[in-house]
């Protein structure tokens, strides 16, 4: 990483799209959206508001939504069901001050038509690249119900070696591993409860294996950037492994009697299984059929397998085609959700009267794309998305930057809407905590390097004293410490200096402290180290308070202390702006500085507070016990 970070001229920020079958839960906002919004707000201040676009939206299509719709009675139409959840998702985001340029919905007007056009445009480009293949694969069929089963109507065990998934569907598990449906272990139909059979189905696939070398080059480039999260590099390298099969050693004698395609056998006696390595996925698939026929159980390893683009789920984006063989095909939900931000950026620019600028905001060499996702989705946004974008001519340098976060646990365990431990909804949290308090808390959990637990005592331990609530730890920096600094400055100005900020030069020591904090903050933001940003601000703000408490008692230097105090307040306010936007904006409002953009712009980040006043620097009077950052209801 360079000593002084270099930021792009323009940027797109995206956040992983939530399914349209439910409201947002705490993991959506705390694990992805707050981080994305914070970086978006930082970039707006850093490179200019018109140069940054933040898009996300409701992922409207796919079998999970169809299944959820069937299991509810409130909405008569599928589209109404999705629209209701989309509205609730927007409401929750607003409560946490997450404000994308556009939060759209892939299957709802006015975005549905544009999204369909973009999907088919990318499909045609991929087809022209020669990287698509029409494959006949086995799809699950419920003979009792006499229907083909969509992905979420089949449950079994993940076939990927070492996978700890609690729930595996037809061709992907809940930890993001993809596999051929025939590999699913112990499949059961959710319709009849019976094991389904398989029947042939023809779909379009993207050949990922031919992208192996390009993906290796991309991974090596990520390694050299200095801002790529190490666990993501490890996850990517797993997919770059050759096709593997793992067989338990107790089946070795039966295995030795078989004739399999060419492979390399590795047998480490310290391990319970031996391993077969193949040069091609097709060779591994042939070996799988032989092993199945011999009733030898096995598991496969991660590798680059063909990435499915289409399916036959009716509730999906239609594939435009002149071929009768493709009639009825729709896009599989994963590829079209990867492309959705492309159509959403275009939709936003059109709605903002900036039609035609999309080329400047996606794959332009002057524009960086930052995609905030959960670690479960690395397999899709990593190998699949990047390989497809490269196939249609995008360079390594123009590919999006992935910012994955580790799992956000609930009370120390993994919670799931479909599991035994239900996560609280985002809106439920807002009945108890303040949106900015939780923004600070989620940013401080350190999801960049490890899974962390959200343990709200107000919910899990309601009898616990509010001040011992872990969920309020970082928020108290706003509601207590920074509030105290702001009130001290404003109250002193209005009671001792007629509401004016004393003239003069900021102390060189304070200037140095502020400049050092600004530079370190910028470096940490560049690396997406939000937990370290919170640690930096904690030190900066607490030291500013201690200095005020120590030096404001000296009457002869009170004017200088107040001037220095307001300078520390200015820098703290600007650095908090992406994290606690409402409270920071309120501090700015009471400073009564004319104009807004200049104060937040990093073009002026090293300019002292008095330079923003064209005339006499006079602040707005605040009433007694005024809170710039109100405390949560847990303290009331």
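Each of 380, 96 was scored by other Cβ atoms within 10 Å of its Cβ. Arranged with the fewest first, they read 380, 96. Taking a ≥ b ≥ c as the square roots of the eigenvalues of the Cα gyration tensor of region 433-545, is the shape rounded (a/c under 1.5), prolate (a/b larger than b/c) or oblate? Cα axes put region 433-545 in the oblate bin. Region 525-559 and region 142-191 have Cα centres spaced 53 Å apart.
The length gained on full extension between residue 396 and residue 250, counted as 0.36 nm times the residue separation minus their Cα-Cα distance, comes to 48.0 nm. Helix 508-526 and the longest principal axis of the C-alpha atoms of the chain enclose an angle of approximately 10°.
Put in order of Cβ neighbour count within 10 Å, fewest first, the listed residues 408, 126 become 126, 408.
Projected onto its three principal axes, the C-alpha set of region 458-509 covers 51, 26, 10 Å, listed from the longest axis down.
Ordering of 310-320, 261-271 by packing is 310-320, 261-271, highest average first (other Cβ atoms within 10 Å, averaged per residue).
Helices in the chain, meaning DSSP H runs of at least 4 residues, each add -39500 (n - 2.57). Divided by all residues, the mean residue ellipticity at 222 nm is -11500 deg cm²/dmol. The calculated Kirkwood hydrodynamic radius for region 364-432 is 14.8 Å, given to one decimal from all distinct C-alpha pairs.
I want the antiparallel fraction of DSSP beta bridges within the chain, as a percent rounded to 5. Antiparallel: roughly 60 percent of the beta bridges in the chain.
The C-alpha atoms of region 118-208 occupy a region whose extents along the principal axes are 42, 34, 21 Å, arranged from largest to smallest. Tell me the angle of helix 333-351 to the major Cα principal axis of the chain, expressed in degrees between 0 and 90 and rounded to the nearest ten. Helix 333-351 sits roughly 40 degrees off the main axis of the chain.
Seen through its C-alpha gyration tensor, with square-root eigenvalues sorted a ≥ b ≥ c, region 543-636 comes out oblate because a/c lies at 1.5 or above while a/b is not bigger than b/c. Would you work out if region 477-635 is rounded, prolate or oblate? Take a ≥ b ≥ c from the square roots of the eigenvalues of the alpha-carbon gyration tensor; rounded if a/c is under 1.5, else prolate when a/b is larger than b/c, oblate otherwise. Verdict is rounded for region 477-635. Relative to the first principal axis of the alpha-carbon coordinates of the chain, what is the inclination of helix 530-551, with its axis defined by its Cα atoms, in degrees from 0 to 90 and to the nearest 10? That helix lies at roughly 10 degrees to the long axis. To the nearest Å, what is the center-to-center distance of region 313-331 and region 25-91, using C-alpha atoms only? Value for the Cα centre distance between the two parts: 26 Å.
The candidate values are [x] 35, 31, 29; [y] 51, 25, 24; [z] 33, 29, 25; the one derived from this structure for semi-axes √(5λ) of the Cα gyration tensor in Å carries the label [y].
For the listed peptides 15-25, 603-613, a ranking on the average number of other beta carbons within 10 Å per residue, highest first, reads 15-25, 603-613.
Packing, taken as the mean count of other beta carbons within 10 Å per residue, orders the peptides 426-435, 544-553 from highest to lowest as 426-435, 544-553.
Each value in this text was obtained by applying a stated rule to the coordinates, not by laboratory testing. In this text, all values refer to a predicted model and were calculated from it rather than measured experimentally. Reconstructed Cβ throughout: ideal geometry from the backbone, glycine too, with neighbour counts over all protein chains shown.
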